[in-house]
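The values are calculated or read from the model by the stated rules, or taken from the named source; none is laboratory data. This one's a predicted model, so the numbers in the text were calculated from it and none came from an experiment. Quick reminder, even Gly has a Cβ in these numbers, built from the backbone with ideal geometry, and neighbours come from all protein chains shown. Accessible surface areas use protein heavy atoms only, side chains included; no ligands, DNA or RNA. Shrake-Rupley method; radii C 1.70, N 1.55, O 1.52, S 1.80 Å.
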Amino acid sequence: MAGKGKGEEVYVASIDQGTTSTRFIIYDRHASPVASHQLEFKQHYPEAGWVEHDPMEIIESVKVCMAKTLEKAAANGLNVDAGLKAIGITNQRETTVVWSKSTGLPLYNAIVWMDVRTSSICRRLESELSGGRTHFVETCGLPISTYFSALKLLWLMENVDAVKDAVRAGDALFGTIDTWLIWNLTGGIGGKDRDGKELVGQHVTDCSNAARTMLMNLKALDWDKPTLEALGIPAGILPKIISNSEKIGVVASGFPLAGVSISGCLGDQHAAMLGQLCQKGEAKSTYGTGAFILLNTGEEVTQSTHGLLSTIAYKLGPDAPTNYALEGSIAIAGAAVQWLRDSLGIISSASEIEGLAESVQDSGGIYFVPAFNGLFAPWWRDDARGICIGITRFTNKGHIARAVLESMCFQVNDVLNSMHKDAGESGEVKSAEGEFLLRVDGGATINNLLMQIQADLLGSPVVRPADIETTALGAAYAAGLAAGVWTKEEIFAGLHKENTTVFRPKLDDAHRKKRGDSWYKAVSRSFDLADLSL
């Protein structure tokens, strides 16, 4: 990418605040990473199916990652302090925080996107509202599900006295993690800029994160009044909705890089889409804690009839056109590998799974369905629970490891099959060879066996970029675009398109179909098991 003149060092950075870790990455003018630091943080499981984070620990993890990355950059002789033009933010979506406007402190832990404590609220709304589970789909693109922020906010308003009282007193602020980060980074309460002038924390969210709350009108890109009234959520606690690429505020003193502009924000999956340069008709799959497949549908909202969500792809500036997407969300992907490591002790590090899975020819008839907290797209069954079936005396831990990897790929297939049905032939861009290409990214994609299994079960090529951390890269692109470091044309001509690795399918069609049929049989066995724990 051309960027500015050659004399001056130019950098753009990203805060990538994920479900299990926080990262800070600094990129040079060519969008190549030059320094980074990553930190895992604590997961809280107060009850079965409940998942929480400490919002203060998340803020602290951001601060530490920023400081450590700057140290590494300085050790490499880079003058980042002088050359950093903008910071972008990308974040775990749907995770919900309510905090006090007057103290700046959280009123409860953050309720994480995969938490299922709101299932009884979902059932209640489904029975009360005329449209049932799909009552809000036409306006927000989402079914009523434990997944989305509005339900978590309702739970907090109904069950936490501190939240109830603050909402009543006009002292509550609601946000997803992007909003919580921006509010704190831009000053929070009593913040000052580097010259000592007072700053007011910006209470904003971007349209991609807002699209995941169940409260935003997808076409108007504003909070939907009838939805707020139906759910009893006061508009005053909600942040202002902005685009993905615009100047939001500057970093307050007390954080590293005080005075630098925050000028890009996208939910993690939308950031990955931009990082993968997905334009209309192109799809990507991100393999992280969960797996998330998005297909850019252009400037029209496409409603799914096959269990997918309609959402925002990106809006690169206040006056830029909005690109929409179809999304399929999978709750458990890499998290199943962590489960093998942390809960079962079958592996001692995530990277060991590839060798263990390669120790067997195939999964030996084992099928693993990781419905730990129910199943998301395209099934939407919060009564599903994890199962491992097909076990015989022959089964060993290699078979189970391989079945866990296969479960990620089967789930991605299910979503892509739904996408093909919803978008149709005209909605997907094919390669010069007439093939549908799946772009992949995220930490798990370093596993070559996983990528080959994905290509085999999909029957289409899988394309992995040289830089698999495209989530952080997308946030950097959005920030750099708003700060004038790059133009949109330069970004979409992206240098990192080169050096891709392509995995081609080796499995014949008959074998692929047989495996798919067996997977569907296994998935159907996972339904209606939520009451087993009672």
If you take the charge dipole of the chain about its Cα centre, with +1 on Lys and Arg Cβ and -1 on Asp and Glu Cβ, which of ILE144, LEU199, ASN396 is farthest toward its positive end? ASN396
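What percent does the relative contact order of region 414-534 come to when contacts are Cα pairs within less than 8 Å and at least six residues apart? Write down the numbers at each step before the final one.
Values: 105 pairs, mean separation 31.1, N = 121.
Answer for region 414-534 is 26 percent.
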Relative contact order computed over the chain (Cα-Cα under 8 Å; 6+ residues apart), in percent: 15 percent
Summing Lys, Arg as +1 and Asp, Glu as -1, what charge do residues with Cβ under 11 Å from the Cβ of MET419 carry, MET419 excluded? -3
GluC sites (Glu not before Pro) within region 430-526: which are DSSP loop residues with at most 14 other Cβ atoms inside 10 Å? GLU433, GLU435, GLU498
Can you sort THR134, THR186, THR302 by 1.4 Å-probe accessible area, starting with the largest? THR134, THR302, THR186
How much of the DSSP bridge set in the chain is antiparallel, in percent, rounded to the nearest 5? 70 percent
Give the residue from GLY88, LEU473, GLY188 lying farthest towards the positive end of the charge dipole for the chain; charges sit on Cβ (+1 for Lys and Arg, -1 for Asp and Glu) and the dipole is referred to the Cα centre. LEU473
Cβ charges +1 (Lys, Arg) and -1 (Asp, Glu), total dipole of the chain, debye: 340 debye
Alpha-carbon centroid distance for the pair region 173-201 / region 212-289, whole angstrom: 17 Å
Given the Cα-Cα distance of GLU8 and ILE389 and 0.36 nm per residue of separation, how much length would full extension add, in nm? 131.2 nm
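On a full-extension model of 0.36 nm per residue, what is the gain between VAL502 and LYS397, subtracting their alpha-carbon distance, rounded to one decimal in nm?
Stretched fully, the VAL502-LYS397 segment lengthens by 34.9 nm.
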Can you return the lysines within cross-link range of LYS514? Criterion is Cα-Cα under 30 Å, with same-chain partners fewer than 8 residues away left out. LYS284, LYS397, LYS421, LYS430, LYS506
Restrict the search to region 433-533; then list the trypsin sites (Lys or Arg not before Pro) that DSSP places in a loop and that have at most 16 other Cβ atoms within 10 Å of their Cβ. LYS506
On a straight-distance basis, which lysines could pair with LYS513 in a cross-link, Cα separation under 17 angstrom, same-chain partners fewer than 8 positions away excluded? LYS521
Hypothetical label at ASN417: residues of region 459-480 whose amide nitrogen lies under 20 Å (7 Å Cα-Cβ projection): 459-462
Is any residue of region 229-253 close enough, with backbone N under 11 Å, to a label point placed 7 angstrom from the Cα of LYS192 along the Cα-Cβ axis, and if so, which? 253
Between ALA466 and LYS430, what is 0.36 nm times their sequence separation minus the Cα-Cα distance? Round to one decimal in nm. 10.8 nm
Positive end of the charge dipole of the chain (Lys, Arg +1 and Asp, Glu -1 on Cβ, about the Cα centre): tell me which of THR501, GLY259, THR286 has its Cα farthest that way. THR501
For region 72-126 and region 7-55, what is the separation of their C-alpha centers, rounded to whole Å? 10 Å
Sorted by average packing, counted as other Cβ atoms within 10 angstrom per residue and highest first, what order do 29-36, 480-487, 304-311 take? 480-487, 304-311, 29-36
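Please identify the chymotrypsin sites (Phe, Trp or Tyr not before Pro) of region 352-434 that satisfy two criteria: DSSP loop assignment and at most 13 other Cβ atoms within 10 Å. Which are they?
Those satisfying the criteria are PHE394.
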Using a 1.4 Å probe, how large is the accessible area of ASP268, given in Å² and rounded to the nearest 10? 30 Å²
For region 346-403, averaging the sequence separation of alpha carbon pairs under 8 Å that lie six or more residues apart and dividing by its residue count, the contact order in percent is 45 percent
Determine the shape class of region 219-323: with a ≥ b ≥ c the square roots of the Cα gyration tensor eigenvalues, call it rounded for a/c under 1.5, and otherwise prolate if a/b is greater than b/c, oblate otherwise. oblate
